[in-house]
Amino acid sequence: KSTTNHQIELALLFSVAELNGNLDLLPNVSLTFDTQVDGCKTVSQWYSQIQSYGEYSNKVHNYLCFEETICSVAFSGPNWETSSLFGKIMDISYSYQLAHLTFGPFHPILSDHEQFPYLYQMASKDTFLALAMVSLMLHFNWNWVGLVIEEAEQGIQFLSDLRGETECKGICLDFVIIIPVNMELYMSRCELYNNQIMTSSTNVVIIYGDTDNTLTMNIRMWGSLGIQRIWVTTSQWEVITSKSNFALDSSHGILAFAHHHDEVSGFKHFVQTLNSQKYSDEYLARLEWMSFNCEVSASKWKTLKNCSSNASLEWIMEQTFDMAFSDANYNLYNAVYAVAHVLHEILLQPNYSSLLSEYNCLKMHSLFRNTNFINPVGDRVTVNQKEMLQPDYDIFQIWNFQNGLEL
């Protein structure tokens, strides 16, 4: 498991704990959640599971007998392909009985309501990201830049958006590298990509695309080759929340765009004072779940092992990651509150009996499609993608110095 996964779990734990302390939302009701110990599957493992579900569904009868219909909610992310595969499996198994909320970056495939009628994306669509990046280029008078994208619908759309913004503002693209998703095709061209960037005179390169694919492999290769540029990218590349494991050589700086939101007050204190014994879930109750993907010396690890299980986790947190909410964490935070607002509305229904009825499952989806609220931070949250507000962006500057020192 990566540092990012652990941060997501902490964000979920904090969000539920904060919500359960809210006297105005879901009074006299406490939410709980469950994380699967083996839930972090690779994309190939999800594909295999879909195939097994497909074989199973062809053998069973076209009806299911339950005494009651149970309404459930599931969160998935941050990888869109994982969410897509999980959504297909859940649709086979549960259909309308499950509301599926994703907290990863917005993806057009997941907004296809014919494929995913009960899936809701919490992330805003990056309609203005190209404009925001071009505004940064103009500010620093960077008029000669490179672009690296993945060969996917979102990447091609971003290229179109970026060209539309640069052509009328005097910014030129020195090169455009489109990384194919197919591994064999990528391997046959990777040397060409290396030559393109190494022979380019530009010092500024924009990177746009999903992680955990051939694009990521290509970026890591450039890092191993010591290629140094000013990299402009998005926060999903973990440069904000996993600074101990840079994929990019950041000696010249990384500028990462993230959706703006105010600080979630209380999160840092919650993490610093977290007592794992308070939580019954075995996955969170073990100290080993804090074993992040980071370098810890043998002496420090021995110190951790000797700590009492109810000791403060403040030292561990300071050694592993920045406690600021990433985009994915913030989307998950909003997803938890979206669920709470929907359940609150259901509880207020005059004909409410329980959440175990078909009527309330369908009502739950109707409410999700129209959920609109102000979260505790003060930001407006809407699950209806047609009403996504124009986003503001924060720009994080990341520096990685020698000997692991960072700023």
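FYI, it's all coordinate maths here, none of it is from the lab. Owing to the predicted nature of the structure, the values given are computational and were not obtained by experimental measurement. Because the Cβ atoms are built from the backbone with ideal geometry, glycine has one as well, and the counts that use them run over all protein chains shown.
Each of 344, 139 has some number of other Cβ atoms within 10 Å of its Cβ, and from fewest to most they run 139, 344. The residues 368, 140, 103, 128, when put in order of fewest to most other Cβ atoms within 10 Å, stand as 140, 128, 368, 103.
Exposure proxy ranking for 174, 327, 112, 34, based on other Cβ atoms within 10 angstrom of each Cβ and starting from the fewest, stands as 34, 112, 174, 327. Between the range 165-198 and the range 104-153, the alpha-carbon centres lie 18 Å apart.
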